[in-house]
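First comes the structure, then the notes that go with it.
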Ligand SMILES: Cc1cc2nc3c(=O)[nH]c(=O)nc-3n(C[C@H](O)[C@H](O)[C@H](O)COP(=O)(O)O)c2cc1C
């Protein structure tokens, strides 16, 4: 038994944000079955997602996700062993980030306001998880 947490970014292909509803539906169904939890954030055509669960299940799901033609340029930011889940309430939570969040979260705005800034996020260890946790709490 080994619990891991994987965080990656990717780009939506095209501009059909309606795809996201279908992605979430199958994510919730599959993740419940596979013991995965996590959170998906969307901003200006980019995704930031965290997946957590048993290593085999996380890796198999991530491999499947990488094959999905609805997005591209998947880049893993971190894959780490964790002692407990950070997103245990969500088979797959979802938030779309917009101008209201840029205004209310000036500390994090540079990382998401024009889509996720992968280089800036990579240069600041912990910031991806902080944003995912912040939005998973539903207070903002
Ligand atoms: C951005 C993004 C996030 C996704 N997240 C998940 C996920 O958390 N779990 C999952 O099973 N599938 C996820 N998918 C969908 C998979 O790529 C794949 O379509 C799905 O797992 C296939 O299962 P199904 O045949 O039951 O729909 C995601 C796809 C995209 C584009």
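Just so it is clear, none of the values below were taken in a lab; they were calculated from the coordinates. Predicted, not measured: the structure shown is a model, and the values here were computed from it. With ideal geometry, Cβ positions are generated from the backbone for all residues, glycine too; neighbour counts draw on all protein chains shown.
May I ask you to compute the full-extension gain from residue 120 to residue 44, defined as 0.36 nm times their residue separation minus their alpha-carbon distance, rounded to one decimal in nm?
25.7 nm
Just to confirm the number: angle between the C-alpha axis of helix 19-34 and the first principal axis of the chain, 0 to 90 degrees, nearest 10?
That works out to roughly 30 degrees.
Given a Förster radius of 35 Å and the C-beta distance between residue 30 and residue 81 as r, what FRET efficiency does 1/(1 + (r/R0)^6) yield to the nearest 0.05?
0.95
Can you show me the helix-derived [θ] at 222 nm for the chain, built from DSSP H runs with n ≥ 4 at -39,500 (n - 2.57) apiece and divided by the number of residues, rounded to the nearest 500.
Here the helix-only value at 222 nm equals -10500 deg cm²/dmol.
Which length gain, in nm to one decimal place, applies between residue 88 and residue 1 when the Cα-Cα distance is subtracted from 0.36 nm times their residue separation?
Extra length from residue 88 to residue 1 when fully extended: 29.6 nm.
Is any residue of segment 45-64 close enough, with backbone N under 18 Å, to a label point placed 7 angstrom from the Cα of residue 19 along the Cα-Cβ axis, and if so, which?
45-50, 62-64
May I ask for the distance between the Cα centers of segment 46-109 and segment 23-42, given as a whole number of Å?
Each part reduced to its Cα centre gives a spacing of 10 Å.
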